[in-house]
Amino acid sequence: MRTTKSTSIRKQLLGLTTAALAVGTLGLAGSPAQAVGGIDGGNISSSGDVPNSVDVAAFGSGDAVAAWAREVPGGTKVYAAIATDGVWAAPKAVTAAAVTDAHDVQVAANDQGDAVVVWTQTILGEERVRGSRHLANDSWDGSAPLSGDTDSIESTDVAMDGAGRVYVASGVVIGPVHAAHVTTWTPGQTPQHDQVDGLGVNPSIAVSPSGNAVVAYRGFHDGDYVASVSRRTPTTGWTAPDSTTWPGDVVSDVQVDVADDGAGTILFGGKENGKIRAVTAGVTPAGEVTGLDIVSPDGVDTAERALHVSPNGRAVATWSTYLNDDYAVGFASRQPGSDWGTASVIESNTVTFTPTAPLVSDRGAQVVVHNDADQLTLRHHTNPVLPWGQYDAGPANGAFAADMDRDGNVVAVGVVENGFNSYVQADFLDIAGPTAKITAPGTAVAAPSFDVAWNLTDTLSGVKSTDVMVRTAAWNGGFGPQQVIADNVTNTSAQPFAGTFGSTHCFQAQGTDKANNLGFRSEERCTTVPLDDTALSGKKWKRTTKAGAFNNTVTTTTKKGRKLTLTGVQARHLDLLLTKAKKGGKVKVYWNGTLVKKISLKGKAGQVTVPVLDLGTVQAGTLKVKVVSKTGRKVTVDGLVAAK
């Protein structure tokens with residue numbers, strides 16, 4: 001995930017079982033189906049009284065933190081469990097002692113592994129928001145006040161940026177007034193409370209890794225209910241609220257999400273001709289609402305609307321509706337910088353209006369998590385030409401939540417309500433393939449033949465196989481097509497490669513995991529084999545063999561004015577392989593007739609690599625080396641690195 005919190009990506013959601021369900025009568029038959037990529041985490045909370053809320057945030061591939069609250073003797077306690085590489089550790093108490101009526105638990109985390117748990121509790125008869133940070137020693141740091149003086153707390157939402165700053169949006173009641181407040185909690189500082197709008201309901205908040213935060217909520221201005229937003233950065237305060245120009249009333253569940261570049265998107269329900277449409281809008285850097293888009297079809301009433309934006313700006317929206325005498329889940333998506341696509345139905349027969357948690361990765365993998373018929377279900381769509389697949393994560397008839405890490409893997413948690421045998425169960429859905437990296441060779445090699453090495457990791461399913469590719473350019477030409485040099489290899493991380501003199505070779509690796517997910521290609525790693533000194537032309541130089549020299553040859557002279565030339569060079573960077581000597585000479589180096597380097601070869605005997613020219617981009621030209629020292633001083637040339 002990017003460094004917003006999980007609940008800005010999706011709301012924690014209530015299950016379909018009502019409080020009127022007889023405790024202990026729910027049938028829990030059946031186990032999670034072993035769909036491709038599904039990893040059943042089982043009971044992560046231990047059994048006990050029914051957890052009243054649950055949330056989860058992913059902060060790395062297979063790494064997540066989940067939190068919940070449940071009744072214990074003397075009150076309620078907040079607990080949290082942390083997963084590393086898909087394996088959940090035993091839960092720990094976030095509140096050391098029981099507190100009064102802890103509920104509405106929220107979790108936020110960032111890619112650095114910082115995590116916070118936020119909840120609402122009653123203190124001296126009044127509701128207050130509290131929070132606790134996860135510490136390096138795997139404990140929780142107590143309970144910090146994250147709301148000001150209010151009569152009650154209607155809702156909370158939490159986000160965290162890359163610096164560990166926590167943002168808590170609260171819908172508060174002060175006398176007859178419903179207001180939108182935000183508390184900013186910087187590590188090591190006292191939390192700062194701000195009223196964003198004195199007439200605001202159910203605020204949602206999201207933040208980019210750099211700290212560009214947007215809060216959105218249902219406001220009331222000029223006699224109308226509107227969708228309102230405010231924005232801040234780490235160095236500025238909250239902007240004055242700006243509101244939509246939607247012609248009808250806006251219902252209360254306004255949601256917001258933010259891409260890594262700070263671009264905000266809001267989703268709200270807008271009344272039109274007796275229906276509630278799913279409507280989105282953008283949020284500018286100045287905190288202004290712009291570009292209304294209706295994403296649900298004409299004539300379709302919507303409920304349980306939800307939004308997610310990936311780090312690079314992809315977006316998905318879902319809603320529940322009633323079509324053709326059945327409850328259904330609608331879906332729409334948007335690519336970065338594009339308009340919303342045509343809406344579709346991805347689930348046509350749910351039990352009732354179903355809350356959903358939509359998720360989308362930078363690569364376009366789409367997942368919709370919902371709880372239908374007391375079963376936590378993950379619908380997934382990773383290939384645009386294939387239909388949606390489904391992973392059944394097991395029974396969950398209470399609250400549930402889901403999140404997606406930055407790689408695209410999903411973690412989902414759900415409450416299994418079964419009297420005093422209730423618990424939180426968790427699952428990972430492995431969608432992302434292995435992370436790949438070429439680890440060798442370096443930028444230059446000492447011989448045409450060398451080893452290529454790579455490293456692949458996949459923390460959830462494990463690596464199944466690896467492909468390694470190379471593209472090659474000669475010193476006087478461009479790159480040819482990429483070639484596969486290791487095809488679906490297993491149980492190896494290196495192999496020899498036969499390069500060519502003067503060529504630049506650029507390598508990439510890509511892997512498949514045991515769930516058959518194809519990973520991203522690694523960054524290219526390029527190396528250049530030096531061109532031997534014999535390729536440079538010059539009159540009256542001495543060509544000799546020498547053990548230990550590059551390709552065992554050197555070109556030498558002791559005469560002032562001698563020149564070596566190479567025409568037709570195409571390179572971005574040039575180095576010369578030279579040999580220093582106690583009575584070494586001096587040379588000047590020219591590129592297309594312009595002097596670019598003066599080099600002294602006097603010094604301790606031995607080969608040196610001397611940077612000559614960095615052009616920034618590949619350019620064509622002629623290289624000339626001219627001896628300028630007096631006759632009798634030795635100049636030895638061993639080769640040329642012409643890197644692309």
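The values are calculated or read from the model by the stated rules, or taken from the named source; none is laboratory data. Only a predicted model underlies this, so the values are computations on that prediction, with no experimental measurement involved. No Cβ is skipped: glycine too gets one built from the backbone with ideal geometry, and neighbour counts run over all protein chains shown. When the accessible area is computed, the model is the full protein with side chains, heavy atoms only, and any ligands, DNA or RNA have been set aside. Shrake-Rupley method; radii C 1.70, N 1.55, O 1.52, S 1.80 Å.
Here's the list of lysines a cross-link from Lys271 could span, going by alpha-carbon distance under 29 Å and ignoring same-chain residues fewer than 8 apart: Lys11. Per residue, the average separation of C-alpha pairs within less than 8 Å and at least 6 apart gives the stretch 374-466 a relative contact order of 17 percent. Residues in the stretch 234-375 average 39 Å² of solvent-accessible surface per residue, probe 1.4 Å, ligands and nucleic acids excluded. Relative contact order, whole percent, for the stretch 502-543 stands at 42, derived from Cα pairs under 8 Å and 6 or more residues apart. Measuring between their Cα centroids, the stretch 471-509 and the stretch 113-133 lie 55 Å from each other.
Classify the stretch 437-501: rounded, prolate or oblate, from the alpha-carbon gyration tensor (a ≥ b ≥ c, eigenvalue square roots; a/c under 1.5 rounded; otherwise prolate if a/b is larger than b/c)? Verdict is prolate for the stretch 437-501. Working note: Debye formula, equal point scatterers on the alpha-carbon atoms of the chain, no solvent; log10 I(q)/I(0) at q = 0.08, 0.09 Å⁻¹ is -0.68, -0.78. Spatial offset of the stretch 152-183 relative to the stretch 600-644 amounts to 65 Å, using the alpha carbon center of each.
Amide hydrogen proximity for Ser422: with H placed 1.01 Å from N in the peptide plane, the residues at 5 or more positions away or on another chain lying under 5 Å are Gly48. For the stretch 452-557, the equivalent ellipsoid derived from the Cα gyration tensor has semi-axes of 39, 14, 9 Å, listed largest first. Just the protein heavy atoms count here, and of the accessible area of the chain at 1.4 Å, carbon and sulfur take up 50 percent.
Only helices enter this figure: runs of n ≥ 4 DSSP H residues, each worth -39500 (n - 2.57), summed and divided by the residues of the chain, yield 0 deg cm²/dmol at 222 nm to the nearest 500.
Spatial offset of the stretch 424-450 relative to the stretch 235-257 amounts to 43 Å, using the alpha carbon center of each.
Net charge around Asp467, counting only other residues with Cβ within less than 12 Å of its Cβ (Lys, Arg = +1; Asp, Glu = -1)? After counting each charged neighbour, the total is +1. Karplus-derived 3J(HN,Hα) values for the stretch 70-77, using 6.51 cos²θ - 1.76 cosθ + 1.60 with θ = phi - 60°, are 8, 6, 9, x, x, x, 10, 10 Hz; glycine and proline are entered as x. Taking every alpha-carbon pair under 8 Å whose residues sit at least 6 apart, the chain reaches a relative contact order of 11 percent. Placing R0 at 56 angstrom, the Cβ-Cβ distance between Ala163 and Thr631 gives a FRET efficiency of 0.30 after rounding to 0.05. Here Lys92 is the anchor, and the lysines within straight C-alpha reach of less than 21 Å, apart from those fewer than 8 places off in the same chain, are Lys5, Lys77.
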